[in-house]
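The values are calculated or read from the model by the stated rules, or taken from the named source; none is laboratory data. Note that the coordinates shown come from a computational prediction; the quantities given were computed from them, not determined experimentally. Note that we place each Cβ from the backbone using ideal geometry, even for glycine, and neighbour counts take in every protein chain shown. With ligands, DNA and RNA removed, areas are computed over all heavy atoms of the protein, side chains included. Shrake-Rupley method; radii C 1.70, N 1.55, O 1.52, S 1.80 Å.
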Amino acid sequence: MTANDIPPGRQPAATYDSAFLRACRREPVPHTPVWFMRQAGRSLPEYRKVREGVPMLESCMRPELVTEITLQPVRRHDVDAAIYFSDIVVPLKAIGIDLDIKPGVGPVVEQPVRTRADLARLRDLTPEDVPYVTEAIGLLTAELGGTPLIGFAGAPFTLASYLVEGGPSRTYENAKAMMYGDPELWADLLDRLADITAAFLKVQIEAGAGAVQLFDSWAGALAPADYRASVMPASAKVFDAVAGYGVPRIHFGVGTGELLRLMGEAGADVVGVDWRVPLDEAARRVGPGKALQGNLDPTVLFTDKDTVATKAREVLDAAAGLEGHVFNLGHGVPPNADPDALTRLVEYVHTATAR
């Protein structure tokens with residue numbers, strides 16, 4: 001059976017009743033499911049070994065390498081979900097944007113998007129642009145069995161920030177200047193990016209991803225009123241575009257405590273929470289009808305195992321009254337974290353929450 005044979009709201013039986021997907025649907029679970037953002041990556045020595053000498057973007061386009069890297073944390077940590085190994089700028093690269101991921105810097109765009117004429121460079125994305133995604137997910141779902149695979153993409157605002165700034169930024173001054181000073185161009189840019197993002201997520205879902213996460217990594221730089229008026233419509237367009245597939249939709253950003261309700265209203269089934277807001281308070285802000293994901297401070301991983309367990313227990317206690325909870329860090333796994341600390345953390349959460 002392929003993903004196209006599955007009617008909306010249904011997933012293959014092997015993953016449909018997994019703890020992760022049940023928690024996303026706010027159904028009873030045998031234990032609180034755990035996965036980690038950036039679990040497939042730099043913290044693992046086996047990752048560094050297979051990536052040696054392979055540029056980041058190239059590694060995202062080799063299906064067998066993507067499969068191996070995605071599976072590594074599942075084997076090592078016994079997490080409840082895998083997340084597809086890729087990067088948020090992959091769809092931009094696939095449609096011909098001249099960019100590269102520079103070590104120690106991040107994505108760098110050769111010609112930033114600053115004018116209306118620049119929009120012409122943002123053409124539609126088709127499955128033929130990313131055949132390696134379909135192939136890799138086919139390989140992964142065959143290997144993962146009952147473990148769900150999470151597909152992902154960068155949200156329109158975060159992608160726009162990279163495109164307009166030309167690379168990473170702390171102030172987003174060029175992006176915000178466009179948002180405030182030329183709102184029509186800004187809206188058209190985000191609408192174009194919403195179509196590209198939705199197309200990229202559809203490829204992943206149709207290939208077999210059982211859930212998707214939209215990373216709006218830099219949305220925390222926005223005031224709620226600006227988010228609602230200038231960003232939320234594009235994110236909502238992405239979520240609406242994939243709603244018919246019936247897979248859980250997760251929304252995550254960093255420093256988004258003031259935006260949590262709006263991020264849920266954009267169309268998420270699960271709202272990711274960073275470490276700054278306790279989960280019980282996050283639930284109050286988000287409102288009913290949503291599961292939450294999070295939210296251990298990643299720096300806790302650098303303490304001793306008893307402290308990790310204590311801090312994890314605090315997260316679980318704050319989540320005790322939630323409709324659905326997926327345990328995660330409040331941001332990605334730090335590259336110099338001890339992998340064994342993650343393995344112990346998964347075991348602790350599974351044991352402490354066993355029903």
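For the stretch 117-134, the criterion of being under 24 Å from residue 338 (Cα atoms) and in a helix (DSSP H, G or I) is met by no residue.
Give the stretch 242-256 a look and list any residue that's part of a helix (DSSP H, G or I) and over 17 Å from the mean Cα position of the chain (by Cα), or say none.
Filtering the stretch 242-256 down to residues part of a helix (DSSP H, G or I) leaves 243-245.
Listed by number, the residues that qualify are 244, 245.
Evaluation of residue 29 against the conditions (1) touching a strand residue (DSSP E or B) at 6+ places or on another chain (Cβ under 9 Å); (2) under 29 Å from residue 128 (Cβ atoms) shows that the sole unmet condition is (2). Would you confirm whether or not the stretch 51-61 contains a residue that is open to solvent by less than 30 Å² (accessible area, probe 1.4 Å), modelled with pLDDT of 95 or more and of a type in the set (Ser, Thr, Tyr)? Taking every residue of the stretch 51-61 in turn, at least one turns out to be open to solvent by less than 30 Å² (accessible area, probe 1.4 Å), modelled with pLDDT of 95 or more and of a type in the set (Ser, Thr, Tyr).
Residues in the stretch 73-106 that are under 23 Å from residue 212 (Cα atoms), part of a loop (DSSP other than H, G, I, E, B) and of a type outside the set (A, V, I, L, M, F, W, C): 78, 80, 84, 86, 87.
Residue by residue, here is whether (1) among the small types (Gly, Ala, Ser); (2) open to solvent by less than 20 Å² (accessible area, probe 1.4 Å); (3) at pLDDT below 95 holds:
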residue: 77; (1), (2), (3): no, yes, no
residue: 103; (1), (2), (3): no, no, yes
residue: 113; (1), (2), (3): no, yes, no
residue: 119; (1), (2), (3): no, yes, no
residue: 124; (1), (2), (3): no, no, no
residue: 127; (1), (2), (3): no, no, no
residue: 151; (1), (2), (3): yes, yes, no
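Of everything in the stretch 323-355 that is among the polar types (S, T, N, Q) and not in a loop (DSSP other than H, G, I, E, B), the residue that is surrounded by the fewest Cβ atoms within 10 Å (Cβ to Cβ) is 351. Quick check on residue 139: is it touching a residue at least 40 places away in the same chain (Cβ under 8 Å), touching a Ser or Thr at 6+ places or on another chain (Cβ under 7 Å), among the hydrophobic types (A, V, I, L, M, F, W, C) and open to solvent by 20 Å² or more (accessible area, probe 1.4 Å)? The answer is yes for residue 139. For residue 288, the conditions (1) over 14 Å from residue 34 (Cβ atoms); (2) open to solvent by 20 Å² or more (accessible area, probe 1.4 Å); (3) part of a helix (DSSP H, G or I) are fulfilled apart from (3). For the stretch 186-195, check the following and say yes or no: at least one residue is in a loop (DSSP other than H, G, I, E, B) and either crowded, with 24+ Cβ neighbours inside 10 Å or out of contact with any Pro (no Cβ under 9 Å at 6 or more places or on another chain) (or both). No.
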